[in-house]
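The structure under discussion appears below in the form of structure tokens.
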Amino acid sequence: MTEDFLPELTADGVIAVIRAPRIADAAGLCAALAEGGIRWVEFTFTTPGITGHLRRAAKEAGSRVGAGTVLTEVQAREAIESGAGYLVTPGCRPAVAEAAEEAGVPVVMGALTPTEVARAVDLGADAVKIFPAHAFGPRYFKDLAGPYPGTPLVASGGVSGDNAAEFLAAGARAVCAGSEVVPAAAVAAGEWAEITERARAFMAAARRTAA
């Protein structure tokens, strides 16, 4: 893991998760998000042509670009070779963890139950993504802090501008922003001004409520 991974993730607090059938310009998308205050961008393997998008996005200065929905060792290696600075899985994936460790790339591993959190930690996850976070809500993050103090948790699934700060206040290191910030239609059409405003509104709501 790079030494600045967790400190920067915690400081920024938001990862934009891109799920779209088409991306007009991955670098332009990252720039639009960064202008709105979101530097962390996760391109998922559910998006066609993800490796090409990763290569283009990785060139955008100031953004932390990663690959999500990584399920296999092959996908992990493809993502890393394409410039992904971190990997995100929807569940506990030993082969992905091994590939990430070998390459020195951080991995955020998906989990939901306490048993799965322990499994993710044992596999060497640099952070554990609780998915779907809305299933148990912000209070669940406080509950997990009891048996797993100090384990970096990320909230994903059902997080919005209305509840993001609650998850952060409950102990999440970061939250994942989806269609509220990066709707598929806007991503496909390259509506960067709209995405910048959505990102700015999400960040402002999260930080205002958290304070």
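The values are calculated or read from the model by the stated rules, or taken from the named source; none is laboratory data. Since the structure is predicted, the reported quantities are computational estimates derived from the model, not experimental observations. When we count neighbours, we look across all protein chains shown, and the Cβ atoms used for this are built from the backbone with ideal geometry, even at glycine. Keep in mind that these areas ignore ligands, DNA and RNA; they rest on the heavy atoms of the full protein, side chains included. Shrake-Rupley method; radii C 1.70, N 1.55, O 1.52, S 1.80 Å.
The table for this structure:
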{"read-out": "Spacing of the two label points (7 Å from each Cα toward its C-beta) at L71 and R22, in nm", "value": "2.5"}
{"read-out": "Long-range amide H partners of G190 with built H, under 5 Å", "value": "A24"}
{"read-out": "Where N is the number of residues in the range 79-133, Cα Rg divided by 2.2 N^0.38 Å", "value": "1.05"}
{"read-out": "Area accessible to solvent at F131, 1.4 Å probe radius, in Å²", "value": "90"}
{"read-out": "Length-normalised contact order of the range 159-211 in % [C-alpha pairs under 8 Å, at least 6 apart]", "value": "52"}
{"read-out": "Charge tally in the Cβ shell below 15 Å around C92, where Lys, Arg are +1 and Asp, Glu are -1, C92 excluded", "value": "-3"}
{"read-out": "Sum of -39500 (n - 2.57) over DSSP H runs of 4+, divided by residues of the chain (222 nm, nearest 500)", "value": "-12500 deg cm²/dmol"}
{"read-out": "Protein-only accessible surface order, largest first, of K129, K142 at 1.4 Å", "value": "K142, K129"}
{"read-out": "Most mobile listed residue (A199, A118, A165) in the chain, GNM with C-alpha springs under 10 Å", "value": "A118"}
{"read-out": "Alpha-carbon centroids, the range 160-211 and the range 35-53: separation in whole Å", "value": "15"}
{"read-out": "For the range 74-79, Karplus couplings with θ = phi - 60° (6.51, -1.76, 1.60), whole Hz, Gly/Pro x", "value": "4, 4, 4, 5, 4, 5"}
{"read-out": "Gaussian network model of the chain, springs between alpha carbon atoms under 10 Å - residue of A201, A174, A27 with greatest fluctuation", "value": "A201"}
{"read-out": "Kirkwood Rh and Cα Rg combined as Rg over Rh, evaluated for the chain", "value": "0.94"}
{"read-out": "Relative contact order (%) - the chain, alpha-carbon pairs under 8 angstrom, separation at least six", "value": "24"}
{"read-out": "Probe 1.4 Å, accessible area per residue of the range 134-189, Å²", "value": "41"}
{"read-out": "Segment E98-A11, extension gain: residue separation times 0.36 nm, minus the distance between their alpha carbons", "value": "28.6 nm"}
